[in-house]
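The values are calculated or read from the model by the stated rules, or taken from the named source; none is laboratory data. Treat the numbers as computed from the prediction; the structure is a model and nothing was measured. Neighbour counts run over all protein chains shown; Cβ positions are idealised from the backbone, glycine included.
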Amino acid sequence: MREEILRHLIYSMGKDAGHASVYDWRMALSFAIRDRIVEPWFAATKQTWEQGHKRVYYLSMEFLIGRMLEDAAINLGMRAACREAIESLGQDWRAVVEDEPDAALGNGGLGRLAACYMESMATLGCPGYGYGIRYEHGLFRQRFEGGQQVETPEDWLKQRHPWEFERPEAAYEIGFKGGVETRNGKTVWVPAETVIAEAFDMPVIGWQGKWANTLRLWSAKPTTLFDLARFNHGDYTAAAEPETLARTLSRVLYPDDTTYQGKELRLKQEYFLTGAALHDIIRRHLAGGFKLADLAKHVAIQMNDTHPAIAGPELVRILTDLYDMPFDDAIATAIECLGYTNHTLLPEALERWATYLMGSVLPRHMQIIEQIDAWHLRTNPSRPHYVGIVKHHEVRMGELAFVTAHKVNGVSALHTELVKQNLFPELHKLHPDRIVNETNGVTPRRWLRMANPALSHLISDTIGEGWEADLDRLRELELSIEDKGFRDAFAAAKRVNKEALSNWIGQTQGVKIDPDALFDVQIKRIHEYKRQLLNVLQTIAQWHEIRNDPTADWQPRVKIFGGKAAPGYQAAKEIIRLINDVAAVVNNDPYVDGRLKIIYPPNYNVSMAERLIPASDLSEQISTAGKEASGTGNMKFALNGALTIGTLDGANVEIREQVGPENFFLFGLTAQEVMKHREDPEHARHAILESQTLQDVLQMIAEGRFSPDEPTRYHGLVHNMWHSDYFLVASDFEAYRESQAEVDKTFAEPDKWWRMAAMNTARMGFFSSDRAIRGYMTDIWGTESAL
Ligand SMILES: *Cc1c(COP(=O)(O)O)cnc(C)c1O
């Protein structure tokens, strides 16, 4: 490795060791690692062609990848060798690793899931491609100014990106707008605008380098570079217009996946990804010498949410207009190929496009959508009149995806039931076998082996090697949990991580925290349904209690928050400001004397998650029941030996079943009770009047105790708590507080706590993304491992 790093430093970076920066060393190391990926990558591609394996295509508008260097080194089994080599060259390993910017081509859970699934497909030898957009700017960077979120653009491509290969030869023309004509009896879409989708490939290497797949990201280029006539006339701005227009398509990631935005650019981005992917898929299929009639034997296409749901109409358009397949055969083929993953029940997140917009941006697709809707009604005459794809001058993308897919899946057992009962009840009745469940998972390579070396070594010392690709084996740890020596070692591993985090917080946030305190962590996008507000209100109550009895024996706690709010989401931004305002008061209160600290490091991302999760004692998973489809953060925490305080929501339900109810702090209303509660328009007022503590807390906020410079700052928030409280913060407040008291009590009994924590790690094997991908392979894709 040492030789190869030096070779790349000289010949790829053009630097000598005496003048190289950390960046140069990182690049040289990345290229040296990349060299080892290329061979297994070629071999996997070659085998897939030669043996005619069925390929899976995972279409996603988001891939929240994070850093790649260390992950690749670990999967190749060469982290230790890389570290030794880089240290022998006088460089600091962590500094080199942490020089890499996060690839943040996603918002949160949905995008991170896509990244975990790509890694598991490679690990399992499931031949496939991920298709996405190579956003020039990923998710915005977050700073705080006066406690308020400020967004700045992110610039991950500013430096060289060593993990991608540009493929100028893999480029497709993608059209928009224009009209539909009939020529020689054939329907022809004549677009008015065109751009080029150019491929950039990133290899995705599986565990132990046995298989590698490709993540192909599309970048938009103008069809004509610039208007030379205009340029020669001196009109330079206008001359560059085609280029500007085209590049806009892959310029930025939409910074929200929980609200629907009816923007033309978004629809264009969705078609840009989907159109390019489908052309690529068809080209590859035909190049393999196969017939289009056999497409579904060789191709499975998964739509990650409805964002790529234009895939159904696009595939029908390609098969009918371009290859003369009859409509009925085309729609049957499309359905056989396509699968749709639903990620949300939130009504505000369900995509609906105005028919005039769809008809203007994609006129031919609009016709085909109408045709599919009519075909579905014709073949399902009992379909109720109020059900359909096109209703009230809108195209409903959820219904479109459902009708054009052979399987529709939810992402946790509870969520799947709610998809059946509440989201698509009529379509479910017409197609009772279509909806299936595939509970989410996370890759144990990144989220345990890489992020938590201390615990990983303990696991390997206790049960031997190989658990990374066979996570159910963690159960073998249970045999050791009665062993005091093992529990001490488990606690010691956590302690190492907590010390490292304390140092990082001291250096970056300037706040001194005690590594022996209970680390209580809520990191995820800021959203009302995720109820960071419930957490802050309880924190204020705790602070108030300490002040009222400052000499009592309080369990020291560090409350850690992390997460971004969508730039236009005012309610979420107000919660961020409140957390920071409360932190400023609590952290400087001499009465508290360090027994309560609130830390909110800005710019939560994958790398920060890797730092925080292994150091957490308590995982906050407190969404309003029925709102979180699955969650995957919850899985990463429990796997790393944090205990969960949580509601019966999303995958929390299954986590609790797996780890045992005695090893989980459950509180709060159930999804059914939530719906019942909402029937009472006064639910919030009643709940507040029943809790003196909550009244006190709301009173302090309303009086401006945390915003003395602007006492009225949170009047709106408090008013909303009394009069609306859609997410039932008030109704769950007392139950949450009691559960938190139980957490304190348990943490004071280390023997009990570490038994519970170790039990969590031991019983989390089910939540490996390998298990999830095996489920997709058998239930949806009909593919087998090529290994
Ligand atoms: C896992 C992860 C998420 C998803 O977290 P939830 O708690 O499931 O919402 C979001 N962002 C990042 C950076 C993650 O790593």
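Per-structure values
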item: Looking only at the range 57-85, and only at residues there that are small (Gly, Ala, Ser) and part of a loop (DSSP other than H, G, I, E, B), the one that is nearest to the ligand (Cβ to nearest atom); result: Ser60
item: Near pairs, Cβ below 9 angstrom, 6+ apart or cross-chain, from the range 625-639 (within 11 Å of Lys524 (Cβ to Cβ)) to any residue that is surrounded by fewer than 24 Cβ atoms within 10 Å (Cβ to Cβ) and among the aromatic types (Phe, Trp, Tyr); result: Glu628/Tyr529
item: Index of the failed condition, Lys627 passing every other in (1) surrounded by fewer than 22 Cβ atoms within 10 Å (Cβ to Cβ); (2) assigned to a loop (DSSP other than H, G, I, E, B); (3) within 15 Å of the ligand (Cβ to nearest atom); result: (1)
item: Tally, over the range 86-103, of residues that are part of a strand (DSSP E or B) and among the charged types (D, E, K, R); result: 0
item: Top-ranked residue of the range 631-646 - restricted to ones that are out of contact with any Ser or Thr (no Cβ under 7 Å at 6 or more places or on another chain), over 21 Å from Asp744 (Cβ atoms) and not in a loop (DSSP other than H, G, I, E, B), ranked as nearest to the ligand (Cβ to nearest atom); result: Gly633
item: Residue selected from the range 131-147 under the condition surrounded by 24 or more Cβ atoms within 10 Å (Cβ to Cβ) and of a type in the set (A, V, I, L, M, F, W, C), by the criterion nearest to the chain's Cα centre (by Cα); result: Leu139
item: Meets criteria (in a strand (DSSP E or B) and either crowded, with 20+ Cβ neighbours inside 10 Å or touching a residue at least 12 places away in the same chain (Cβ under 8 Å) (or both)) for Val387; result: no
item: Tally, over the range 597-621, of residues that are touching a residue at least 40 places away in the same chain (Cβ under 8 Å), under 18 Å from the mean Cα position of the chain (by Cα) and more than 29 Å from Asp99 (Cα to Cα); result: 1
item: Selection status of Ile526, buried (at least 17 other Cβ atoms within 10 Å of the Cβ), in a loop (DSSP other than H, G, I, E, B) and among the aliphatic types (A, V, I, L, M); result: yes
item: Test: residue in the range 400-411 that is within 29 Å of Ala296 (Cα to Cα), surrounded by fewer than 23 Cβ atoms within 10 Å (Cβ to Cβ) and either of a type outside the set (Lys, Arg) or within 16 Å of the ligand (Cβ to nearest atom) (or both); result: yes
item: Residue list for the range 177-194, restricted to those being exposed (fewer than 13 other Cβ atoms within 10 Å of the Cβ) and without any contact (Cβ under 8 Å) to a residue 60 or more places away in the chain; result: Glu181, Thr182, Arg183, Asn184, Gly185, Ala192
item: Residues located in the range 428-451, provided they are assigned to a loop (DSSP other than H, G, I, E, B) and either surrounded by fewer than 18 Cβ atoms within 10 Å (Cβ to Cβ) or of a type outside the set (A, V, I, L, M, F, W, C) (or both); result: His431, Pro432, Asp433, Arg434, Glu438, Thr439, Asn440, Gly441, Thr443
item: Of the criteria (1) over 20 Å from Arg94 (Cα atoms); (2) touching a residue at least 12 places away in the same chain (Cβ under 8 Å), which one Ala28 fails; result: (1)
item: One residue from Glu270, Glu241, Glu193 being of a type in the set (D, E, K, R) and within 21 Å of the chain's Cα centre (by Cα); result: Glu270
item: Selected residue [in contact with a Pro (Cβ under 8 Å, 6 or more places away or on another chain) and of a type in the set (Val, Ile, Thr)] from Thr333, Thr320; result: Thr320
item: Check on Asp649, away from the ligand (no atom under 13 Å from the Cβ) and either acidic (Asp, Glu) or in contact with a Ser or Thr (Cβ under 6 Å, 6 or more places away or on another chain) (or both); result: no
item: Matching residues in the range 31-56 - criterion: being touching a residue at least 40 places away in the same chain (Cβ under 8 Å) and either among the charged types (D, E, K, R) or in a loop (DSSP other than H, G, I, E, B) (or both); result: Arg34, Arg36, Gly52, His53, Lys54, Arg55
item: Residue within the range 328-341 that is among the polar types (S, T, N, Q) and closer than 21 Å to Tyr58 by Cα present; result: yes
item: Which numbered condition Gly594 fails, given (1) more than 19 Å from the chain's Cα centre (by Cα); (2) more than 13 Å from the ligand (Cβ to nearest atom); (3) assigned to a loop (DSSP other than H, G, I, E, B); (4) at pLDDT 95 or above; result: (4)
item: Val150 modelled with pLDDT of 95 or more, surrounded by fewer than 20 Cβ atoms within 10 Å (Cβ to Cβ) and part of a strand (DSSP E or B); result: yes
item: Residue satisfying condition, being over 24 Å from the mean Cα position of the chain (by Cα) and buried (at least 19 other Cβ atoms within 10 Å of the Cβ), within set Tyr736, Tyr776, Tyr726; result: Tyr736
item: Matching residues in the range 599-617 - criterion: being surrounded by 23 or more Cβ atoms within 10 Å (Cβ to Cβ) and more than 13 Å from the ligand (Cβ to nearest atom); result: Ala615
item: Boolean, Gly128 is under 14 Å from the mean Cα position of the chain (by Cα) and either surrounded by 19 or more Cβ atoms within 10 Å (Cβ to Cβ) or within 16 Å of the ligand (Cβ to nearest atom) (or both); result: no
item: Test: residue in the range 751-772 that is surrounded by 17 or more Cβ atoms within 10 Å (Cβ to Cβ), closer than 30 Å to Thr341 by Cα, touching a residue at least 12 places away in the same chain (Cβ under 8 Å) and touching a strand residue (DSSP E or B) at 6+ places or on another chain (Cβ under 6 Å); result: yes
item: Those residues of the range 659-676 which are surrounded by fewer than 17 Cβ atoms within 10 Å (Cβ to Cβ) and either farther than 29 Å from Thr344 by Cα or not β-branched (Val, Ile, Thr) (or both), in sequence order; result: Gly660, Pro661, Glu662, Leu666, Gln672, Glu673, Met675, Lys676
item: The range 745-771: number of residues that are of a type in the set (Lys, Arg), in contact with a Gly (Cβ under 8 Å, 6 or more places away or on another chain) and assigned to a helix (DSSP H, G or I); result: 1
